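Single-structure report; data block below.
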Amino acid sequence: MPNKVHERPDAIDLAADIAPGSPIFEARAFRPEFVEGAEACRRAVLAPEEDLGLSSGLRAAIALRSAVHNKNTALIERYGADCERHELDVAQHELARGADPETLTGVHAALASHTDMICLRPREARADHLQALLSAGLTVPQVIALSELLAFVNFESRIVDGLSLLETT
Amino acid sequence: MTTLPAIRLKPLVWHPHLPPVELAEATDRQLQAMRVTPSAKKVSPYVRTLAHDPDSYVARTELFNAIMYVRDGLPRADRELGALAASTVNGCRYCAVVHARQHANLSQSDHVVSALMLDRPDALSSRDRAIYEFGQALSVTPSRAGPDHIAALKANGLSDIEIIDLIHAIAIFGWANRLMHPLGHSEPAISTREKP
């Protein structure tokens, strides 16, 4: 339903603690394309129609690890709840909760290292980091989908941080 | 305004580290995402690289265009300044150059870009400085933006709607930078290999 006006409060209002009826709640209504657009992006990176072999559970685990790096309490809670709903296996659970990449193995170790760098030190990214993901078994489309997912959570964290500051300042 | 040497940046060209989708081999969904037919020739390597995941490509491109080009609200030059601040923190040279050039075009002045390239934020107007410093603080992970940044934007006359536009411009570059820089490299558009 791409043209349906998304119901509010939406996930961003809730995460940023924007109260219905507050001036910032009303100001967000001035930009329905931002509200709709963020929601469409969330679906596209967390629960896409074609998942390219990256399950929703694994995507939720990577989103939670990214939210942990951004120290965003509301997003940590939300992605934590997503992870519980998807009943992660042990390795996915460790990845989600932020385990040291060296304590993980195979593709989970590669995903953890890449998530940490892209969230915390994106300027350090080089071609060999992509090669490490391919060597761990990811396909090129999966590397692109992973890149979009990581970048989305960093986008969403900044929207939530910025709006919640505006709501309280 | 402080007088500074004018700096004009030359455009860069971006090359992907990963093989882009070949149009001849693209699925219908990928072609639809790129909004091209198999006979189309000129689709950038950036678009074809990201078309490996058509769902996210479509959703992000629509949101990006809304954030950077939607009418009213924050002037476009200010959105470009937010994009530039984010790109500097995230280390995306390609995005920094593109959006520095767009800022210079939209503002009809090299002053802001020159001040930033020369590391002279003191030479910025109070309004530009408030925008730039907020953009930098919000782009660090985790964010270091605080109430003082919002207060500085408001003291310089930005409305709530304009600040919401600015937050989106900075945040969408937190996204774009995390694609463009890790997935490829950039070099000057025009070869400068001239004999000394």
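The values are calculated or read from the model by the stated rules, or taken from the named source; none is laboratory data. The structure presented is a predicted model; accordingly, all values stated were derived computationally and were not measured. Quick reminder, even Gly has a Cβ in these numbers, built from the backbone with ideal geometry, and neighbours come from all protein chains shown.
Summary of computed values
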| read-out | value |
| --- | --- |
| Test: residue in region B:17-39 that is surrounded by fewer than 18 Cβ atoms within 10 Å (Cβ to Cβ) and closer than 26 Å to residue B:106 by Cα | no |
| Test: residue in region A:67-89 that is surrounded by fewer than 17 Cβ atoms within 10 Å (Cβ to Cβ) and at the interface with chain B (Cβ under 10 Å from one of its Cβ atoms) | yes |
| Residue check for residue A:106: within 14 Å of another protein chain (Cβ to nearest Cβ), touching a residue at least 12 places away in the same chain (Cβ under 8 Å) and over 21 Å from residue B:52 (Cβ atoms) | no |
| Verdict on residue A:118 being in a helix (DSSP H, G or I), within 11 Å of chain B (Cβ to nearest Cβ) and touching an Asp or Glu at 6+ places or on another chain (Cβ under 6 Å) | no |
| Extreme residue, farthest from residue A:154 (Cα to Cα), among residues of region A:64-88 that are of a type in the set (Asp, Glu) and assigned to a helix (DSSP H, G or I) | A:84 |
| Checklist (1) farther than 30 Å from residue B:157 by Cα; (2) basic (Lys, Arg); (3) buried (at least 23 other Cβ atoms within 10 Å of the Cβ) applied to residue B:48, failing item | (3) |
| Matching residues, region B:52-65, being buried (at least 19 other Cβ atoms within 10 Å of the Cβ), facing another protein chain (nearest Cβ under 7 Å) and either among the charged types (D, E, K, R) or assigned to a helix (DSSP H, G or I) (or both) | B:53, B:55, B:56, B:59, B:60, B:63 |
| First in region B:28-47 and over 24 Å from residue B:182 (Cβ atoms) and of a type in the set (Gly, Ala, Ser), second anywhere and at pLDDT below 90 and assigned to a helix (DSSP H, G or I), Cβ under 6 Å, 6 or more apart | none |
| Segments classed as helices (runs of 4 or more DSSP H), wholly inside region B:109-195, with at least 3 members that are of a type in the set (Val, Ile, Thr) and facing chain A (nearest Cβ under 9 Å) | B:160-183 |
| Residue A:96 being at the interface with another protein chain (Cβ under 7 Å from one of its Cβ atoms), surrounded by 24 or more Cβ atoms within 10 Å (Cβ to Cβ), touching a residue at least 24 places away in the same chain (Cβ under 8 Å) and touching a helix residue (DSSP H, G or I) at 6+ places or on another chain (Cβ under 8 Å) | no |
| So residue A:167, is it more than 7 Å from chain B (Cβ to nearest Cβ), surrounded by fewer than 24 Cβ atoms within 10 Å (Cβ to Cβ) and either part of a helix (DSSP H, G or I) or of a type in the set (D, E, K, R) (or both) | yes |
| Identity of the residue in region A:123-148, more than 8 Å from every other protein chain (Cβ to nearest Cβ) and part of a helix (DSSP H, G or I), that ends up nearest to the chain's Cα centre (by Cα) | A:146 |
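One line per residue, one yes/no per condition, for (1) facing chain B (nearest Cβ under 7 Å); (2) more than 26 Å from residue B:163 (Cα to Cα); (3) of a type in the set (A, V, I, L, M):
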residue	(1), (2), (3)
A:30	yes, no, no
A:34	yes, no, no
A:37	yes, no, no
A:40	yes, no, yes
A:52	yes, yes, yes
A:60	no, yes, yes
